[in-house]
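To start, the structure itself, in structure tokens.
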Amino acid sequence: MKLYAALDKSGLLVYALKADKNNEYYCCRCKQKVKLITTASRVYFRHKNKCDNSINERLIHQKGKKLILDELSKLKPQFLEEETYLSRIKQRPDILVNKNFAVEYQCAKININLLSKRVKGYRIAGIKNIWILGGHYLKRRLGREHLKFITYNKTWKFYLLMLDSQQERLTLFYNIEFIGPFNTLTYQKKIFARDEFWKIFIFRPKEISKLEVTLSERWLNKIRRKSDSDSQKLKLNFYNTYKITVEDYLKEAIFEAEFPIFATPAWQRYCGQVPKRLKQPLLKK
């Protein structure tokens, strides 16, 4: 992972472009030493080797799991087990609560097929499951890589959780939606410090007005430039059927915020394209 800033010996944040290769620098998250890399096109920090990275990931995972265990223990559950092997589904959840609720602290990359398999295993066993993200997935902003972990409840709507085990901060991203012709992510977030983790159990967000955007000329130009096969096929079929171009049809179209569950861009769906859904195993259809 490339880092564009790191801490010097005194704890000050230094950007890679201004770093001195003769000084020592440390990762902002794991506090391990990082190396300054200079190439013809960019300057950045990175951890010294993959072995160090793996060790750091394990330490981050272990600390995060302990934080979650400590908080769950305050609820005084009847059973609170760590790394218990479930022979029926051949899975080992990070934390199992009352034998029917699994908590996974996911720090390493996981592909959608493996995620789906594990979620399906829990459902077969009648175990509810929640996934809290950290490590590789820990970001200040949501991106496409997070969408497979989205889940839903009536209070927070579409949401997901991130835990920074180094800073001991829990972030709730909630009211996650798509807005605009290209499925731009919009959301709200609430950060809980370690001494306030318990507040997440009583957090109730305020109702907000539904967002909507009118298609601007900038968006139209972007659609006009779309030349991939799906876009071109849609544009041609649309014109042959309705004798009007997609761009003219979309002028001043209004896009309301919608569920963050589609792989197909909103502008294509607006023009009648059958939508493809994202694979999101934590959501029940």
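Each reported figure results from applying straightforward, stated rules to the coordinates on display, with no laboratory input. It should be emphasised that the depicted structure is a prediction, and the values quoted were computed from it without experimental measurement. Cβ sites come from the backbone with ideal geometry, for glycine too, and all protein chains shown count toward neighbours.
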Beta bridges per DSSP with both ends in the chain, % antiparallel, nearest 5: 85
Stretch gain in nm, segment Lys210-Leu282, where the contour uses 0.36 nm per residue and the Cα spacing is subtracted: 23.5 nm
Segment 212-270: equivalent-ellipsoid semi-axes (sqrt of 5 x gyration tensor eigenvalues, Cα, Å): 19, 14, 11
For the chain, size of Cβ-based charge dipole, Lys and Arg +1, Asp and Glu -1, in debye: 640
Pair Ala125, Tyr26: separation of 7 Å Cα→Cβ label points (nm): 3.9
Between helix 112-124 and the chain: long-axis angle, C-alpha atoms, 0 to 90°, nearest 10: 70
Mean residue ellipticity (222 nm) of the chain, computed from DSSP H runs ≥ 4 via -39,500 (n - 2.57), nearest 500: -7500 deg cm²/dmol
Kirkwood Rh in Å, taken over the chain so that all alpha-carbon pairs contribute: 22.0
Reach of Lys233 by Cα under 23 Å, taken over lysines that are not fewer than 8 positions away in the same chain: Lys222, Lys243, Lys251, Lys276
Exceeding the 30 Å Cα-Cα cut-off - candidates Lys2/Lys66; Lys63/Lys210; Lys189/Lys226; Lys18/Lys65: Lys63/Lys210; Lys189/Lys226; Lys18/Lys65
Full-extension gain in nm, Asn111 to Lys99, via 0.36 nm per residue minus C-alpha separation: 1.7 nm
FRET efficiency, 1/(1 + (r/R0)^6) with R0 41 Å, evaluated for Glu247 and Lys190 via beta carbons: 0.55
Length-normalised contact order for segment 60-138 - Cα pairs under 8 Å, 6+ apart - percent: 28
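Among 42-48, 203-209, how do they line up by average Cβ neighbours within 10 Å per residue, starting with the highest? Each step should come with its number before you reach the end.
Numbers: 42-48: 16.9, 203-209: 8.7.
Sorting 42-48, 203-209 by mean packing, highest first, produces 42-48, 203-209.
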Rounded to 10°, Cα long-axis angle of helix 229-242 versus longest principal axis of the chain: 30
